[in-house]
1. How would you rank 199-208, 481-490, 138-147, highest first, on the average number of other Cβ atoms within 10 Å across their residues?
2. Using only alpha-carbon positions, what ratio does the radius of gyration of region 399-513 give when scaled by 2.2 N^0.38 Å?
3. Rounded to the nearest 500, what is the 222 nm mean residue ellipticity of the chain from helices alone, with -39500 (n - 2.57) per DSSP H run of 4+ residues and division by all residues?
4. Under 13 Å between alpha carbons, and skipping anything fewer than 8 positions from K481 in its own chain: which aspartates and glutamates qualify?
5. Reachable lysines from K359, Cα under 22 Å, same-chain residues fewer than 8 places away excluded?
6. For A352 and R412 in the same chain, what is the full-extension length gain: residue separation times 0.36 nm, less their Cα-Cα distance, in nm?
7. Provide the convex hull volume over Cα atoms per residue for region 467-516, in Å³.
8. Just to be sure I understand the model, the point goes 7 Å from the Cα along the line to the Cβ. What's the resulting A386 to R330 distance in nm?
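Bear in mind that the values in this text are calculations on the coordinates, not laboratory data. These numbers come from a predicted model, not from an experiment. Neighbour counts run over all protein chains shown; Cβ positions are idealised from the backbone, glycine included.
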Amino acid sequence: MSLSAVALALSLAAGEPEVLVVPPEGAGTPVELAWVGETISDLLPRALAQAGLPAITREDRLRVQQLLEIPPVPLTRASAIRVAEAAGAGRVITGTYTHDARGLTLSLRLLDVERASLSAPFVVVAPLSSLSDLVHTAAWDIALSSAPAPALAREAFFARRLTVPPEALEAYGHGLVSRERGVPQKSLERALALAPGFHEARLALGRLQIEARDFGAAVDTLNGVPEDAAFYRSARFLLGVALLEVGRYREAAGVYAALVQSQPSSAALNNHALALLRGGGREVRASQVLRKAAEADPESPEVAFNLGWALLVEGDAAGAEAALHAVLQREPLDGHARVLRSWALRQAGREAEAQQEWKGVLALAPTYEKLATADYARRFERIIPAERTLPGARQGRTAAEVLAGIIGRAERLSADGDSAGALRELNRAAYLDPYSPRIHVLLARAHRTRGERDKALNELQMAVWSQDDPDVRAEMAELLKEMGRVSEARAEAEKVLKADPRHEAARRLLEGLGRP
């Protein structure tokens with residue numbers, strides 16, 4: 001097994017105390033050296049993995065931050081711990097770097113997340129031009145202090161260090177850290193021009209091209225990563241993503257088949273299945289591969305969705321419906337899953353249920369109206385863009401949290417005077433929880449604001465039917481009065497006072513109506 005495969009196996013091993021590397025802060029360093037910290041956070045995890053200490057890559061750290069909605073800015077200690085927990089890391093490496101006449105001084109400390117204890121600092125000093133040597137030295141010192149001992153002898157470990165011109169490494173660093181339009185790609189291309197064997201830059205450039213949806217260029221770039229590169233597997237996984245996107249399904253299937261044979265991760269199995277599904281592979285059904293992916297990662301929403309879609313395309317309507325129903329139990333706002341479930345129900349001959357599900361589609365995602373007719377040529381499949389799963393960062397919200405979020409948005413829209421937007425959100429909420437009195441009351445108020453009194457009355461009646469509340473009934477009596485339905489308004493107010501003789505709003509309303 002290659003070193004990259006060993007590193008992956010370690011990183012995926014259950015209970016393994018992985019390390020998260022936070023970019024060290026440049027204490028008092030000039031702005032032109034801002035690239036140094038981010039570059040260290042990129043190189044150090046690879047060096048630690050080579051020493052046998054599993055570490056989370058910079059890209060996976062950034063994925064976690066994105067999922068947690070933490071921007072790519074210097075992390076506080078609290079944020080670093082939050083990212084570590086979401087990524088499944090047991091330890092965090094933090095620190096600082098300074099630059100003066102002696103060169104670059106890197107000071108790192110190891111934080112044990114569970115014990116909240118900090119190690120003594122690991123301090124390394126080297127010229128800025130020897131940044132890769134400095135990182136490798138720090139990795140060796142950290143690995144020596146950890147258990148088990150480094151996987152390689154010191155000489156063999158240092159023989160694997162990155163050896164590129166300082167100018168190429170600086171260009172690479174600027175490519176990682178710059179936010180200016182076009183600068184990252186130009187910087188990475190410059191790094192490769194200065195050092196054609198700088199395959200870390202090639203991987204970063206390929207990833208950047210995929211993010212920019214320049215998939216053809218990404219295929220060419222990633223094909224240039226050699227098999228002996230420590231991160232060869234990561235490059236091949238990304239290559240498969242680019243091949244899927246440009247429609248080269250047979251090639252993608254070959255890439256992922258090789259990855260699965262080496263290490264059958266859920267993400268590799270998922271993408272292999274998509275290549276088979278799109279490319280018309282007949283040797284094995286895509287759904288069979290996706291079931292293996294689901295066994296490897298039962299919580300993956302992408303795999304669960306893809307399984308339902310694959311079963312539908314393969315003609316197993318009942319299986320597809322069951323799989324998609326399970327998706328909607330966990331992700332009730334997944335519009336595409338609702339569309340596909342309505343197709344599956346119709347294909348299975350369950351027309352009434354299909355129509356009911358389609359009502360849900362229109363309530364939750366009105367823009368999907370054109371998807372009423374099944375079209376299996378559509379590309380609903382969900383490609384997984386990175387191999388590592390991040391279960392701690394992708395924890396789904398409960399149904400109650402989803403509803404609370406929708407209702408909160410509706411109330412904010414209503415407060416801002418956007419009654420149409422509020423209605424749209426509340427209709428989604430009502431579909432998810434049709435018996436919630438609060439939702440019906442809010443719907444009534446939104447309709448009333450728009451002058452739609454009949455609709456408002458219907459919602460208030462639904463609210464009272466769900467739960468008889470004197471305040472809601474009094475509100476309904478007031479609306480009936482506005483509509484000129486005086487006898488009904490009086491009857492409702494009297495019901496309120498019978499249940500609560502001290503109800504002031506109902507008493508005032510009756511007094512205003514006068515005697516019958």
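1. Values: 199-208: 23.8, 481-490: 14.8, 138-147: 18.8.
So the peptides 199-208, 481-490, 138-147, ranked by packing, come out 199-208, 138-147, 481-490.
2. Normalised Rg, Cα atoms only: 1.10.
3. Working: 25 runs with 315 residues, N = 516.
The per-residue figure over the chain is -19000 deg cm²/dmol.
4. Cross-link targets: D454, E492, E511.
5. Counting by Cα, and skipping residues close in sequence, K359 has these lysines nearby: K370, K455.
6. On the way: separation 60, 0.36 × 60 = 21.60 nm, distance 3.57 nm.
Length gained between A352 and R412: 18.0 nm.
7. Details: hull volume 3.2 nm³, N = 50.
Given the Cα convex hull of region 467-516, per-residue volume reads 65 Å³.
8. Label at A386, label at R330, 1.9 nm between them.
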